[in-house]
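Report on the following structure.
The values are calculated or read from the model by the stated rules, or taken from the named source; none is laboratory data. Owing to the predicted nature of the structure, the values given are computational and were not obtained by experimental measurement. In this analysis, Cβ positions are derived from the backbone assuming ideal geometry, glycine residues included, and neighbour counts consider all displayed protein chains.
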Amino acid sequence: MNTATHYDVVIIGAGMAGLAAGIRLAHFGKKVCIFERHNATGGLNSFYSLGGRKYDVGLHAMTNFVRAGVKGTPLTKLLRQLRIERDEFALCEQKRSRVAFGPRGDVSLTFTNDFTVFESEVARQFPAQIDGFRRLVSLIRSYDDVSLGAIPESARAVIRRHLSDPLLEDMLFCPVMYYGSATEHDMEFGQFVIMFKALFLEGFARPLDGVRVILRVLLDKYRQSGGERRMKCGVQKIITRDGQARALVLDDGTEVTATHVISTIGAPETERLMSPQLLAPSAALTASLPHPAGALSYTETITVLDREPAALGWGDDTIIFFNDSEKFTYERSASAVDVRSGVICIPNNFDYGADRHLPEGLFRCTCLANYEQWVNLPEAEYRAAKARWYADIQRSAQRFLPTLPTPDALTHATVATDMFTPRTITKFTGRMGGAIYGSPQKIRDGRTSMDNLYLAGTDQGFLGIIGAMLSGISMANFHILQAGK
Amino acid sequence: MTKDETKQVVLEIIADIAPDEDISNLKSDVRLRDQMQLDSMDFLDIVMELRKRHNIEVPEADYIQLASLDSCADYLTPKFTALGK
């Protein structure tokens, strides 16, 4: 097809990684087009409207927050690379968060964007562990986590060389895993370091209007740089020959060609586009892909309140990572949802400044969930399962919040609810198995079996919103701009 | 183009790629890296902006020539002259 449109670079997916890569490439004169199947940008960090309200999808809090003047961290790097002024993101800091363990959250570690708070909490609760903890933190501070060629090592093994109390070990792993681990039980140490820095050494922040603010900045930049994008038009097939991605077949059947292709849709999802026999995937065929889909999926409940959550006596904690059991278990849920542990987020409890607050109260809870148990339910059963698990998740999470003034206070204050499941995640993001953190096997250099096809985003291994953007930037730099191609 | 003008070109690029750095008192003969927090991504950007704005190519082997403002001027000024600038 001589008439096919040709681009210097085609990017698959208009999430954080795709937009960031697109800005870099378009800024330096490349003819770039981003193809996105969904009608909204953001990918795993998108937003939607329901009943006249706007909801964020993934964003509890943006991690990696540092204050103005702190340099050399992921946030600073990406602002420079994308030529974004830090004020454009309009980030507001968290008030405080905590990790709460035990049936009623009896052991609790508070942390803020000031790391000394967390350190003194560890010293207070685990006095025998504090020296080991400090050694661990200094190892983490000096670890080169952005190296593209680091040797994988078990994070549990490294942590056990510094800490002997399994409770403290689990209390560190719980937030780090919930905010980014694609592997069960353990993590690669480099991934642990990235997340530990992002959560504890840096911190949490959020724009008042949520993830839309960040997406608007990225979209404006991309447009000003001359980048093109097509929405509601995904890539259905990558035609390969002689080790090259030769052409892309779009959802509307047309074909485009590109000198380079950056895929942000995930490693197994990209491999599937190159294997026509997998277009209608069966479990067996999917499992045969070089990079397996992740086993971990999640569900989230969102409760809209007619008042600030603090007015229910819940205090002003921003995020609470909880676990009720003796051991913290991070694995594919045996039942539809595993309510033993999870994350509570109260978006109202960021410091938005005087007289600036969200229009309504929000109470969000995330738990591990089992994709297979949700995906094939007939519609009526699916709705019933959502109602049942919504109630169970709320009950479980409330054990880690101060007791309500009356038992039905939450019900009285609730004006709307929503819930998304592993099935919702796959429907809107195309991630196999509802695995928002992608494949357990990361590809740090972004290389694929095709010379001119690179991965960016979650499966390249930089995590979180900032990590995803940095991944897009790094892969565009490394494979295309720096190589002078 | 004079060496001072070349330095000005480099300073303008640094101001755009690292607006959070104070560039008003940079010493010409001291490595840029020692006076500001610039990493390899930032140096790549100096090279990329030189190409974009001025059609100047800096091969990777020559990145070391961009260490200080003085070395930038020594290395880049002949390239500008060769382009008739």
Among the candidates A:ALA68, A:ALA40, A:ALA20, single out the residue that is part of a loop (DSSP other than H, G, I, E, B), within 14 Å of another protein chain (Cβ to nearest Cβ) and either at pLDDT below 95 or over 19 Å from B:MET36 (Cβ atoms) (or both). A:ALA68
With criteria (1) more than 12 Å from every other protein chain (Cβ to nearest Cβ); (2) out of contact with any helix residue (DSSP H, G or I) (no Cβ under 9 Å at 6 or more places or on another chain); (3) under 23 Å from A:ASP87 (Cβ atoms); (4) not basic (Lys, Arg), B:GLU12 comes up short on (2)
Search result, residues across segment A:395-416 that are of a type in the set (S, T, N, Q) and exposed (fewer than 15 other Cβ atoms within 10 Å of the Cβ): A:THR403, A:THR406, A:THR411
Odd one out for A:SER49, checked against (1) among the small types (Gly, Ala, Ser); (2) out of contact with any strand residue (DSSP E or B) (no Cβ under 6 Å at 6 or more places or on another chain); (3) at pLDDT 95 or above; (4) assigned to a strand (DSSP E or B): (3)
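Is it fair to say A:LYS237 is in contact (Cβ under 8 Å) with a residue 12 or more places away in the chain and either in a loop (DSSP other than H, G, I, E, B) or in contact with a His (Cβ under 8 Å, 6 or more places away or on another chain) (or both)?
no
Could you list, in sequence order, all residues of segment A:309-343 that are touching a Cys at 6+ places or on another chain (Cβ under 9 Å) and free of Cβ contacts under 8 Å to residues at least 60 places away in the same chain?
A:SER333, A:VAL337, A:ASP338, A:VAL339, A:ARG340
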State whether the residues of segment A:74-84 include one that is away from chain B (no Cβ under 14 Å), part of a loop (DSSP other than H, G, I, E, B) and either at pLDDT 95 or above or under 30 Å from A:SER471 (Cβ atoms) (or both). no
What's the number of the condition A:ALA456 fails, among (1) farther than 29 Å from A:ARG96 by Cα; (2) touching a residue at least 12 places away in the same chain (Cβ under 8 Å); (3) within 14 Å of chain B (Cβ to nearest Cβ); (4) among the aliphatic types (A, V, I, L, M)? (3)
Can you find a residue that is more than 22 Å from A:GLY72 (Cα to Cα) and either part of a loop (DSSP other than H, G, I, E, B) or at the interface with chain A (Cβ under 9 Å from one of its Cβ atoms) (or both) anywhere in segment B:30-47? no
When you look at A:ILE346, is it closer than 21 Å to A:ASN113 by Cα, among the aliphatic types (A, V, I, L, M) and free of Cβ contacts under 8 Å to residues at least 40 places away in the same chain, yes or no? yes
Any residue that is closer than 30 Å to A:PHE400 by Cα, part of a helix (DSSP H, G or I) and modelled with pLDDT of 95 or more - is there at least one of those in segment A:102-115? yes
Residue match in segment A:177-195 (condition: in a helix (DSSP H, G or I), outside the structural domain of A:MET475 (by TED's automatic domain parsing), under 28 Å from A:SER325 (Cβ atoms) and among the hydroxyl-bearing types (Ser, Thr, Tyr)): yes
Name the one entry in B:GLU21, B:GLU12 that is farther than 21 Å from A:SER474 by Cα, in a helix (DSSP H, G or I) and acidic (Asp, Glu). B:GLU12
Tell me whether segment A:209-226 contains one or more residues that are assigned to a helix (DSSP H, G or I), within 22 Å of A:ALA468 (Cα to Cα), touching a residue at least 60 places away in the same chain (Cβ under 8 Å) and of a type in the set (S, T, N, Q). no
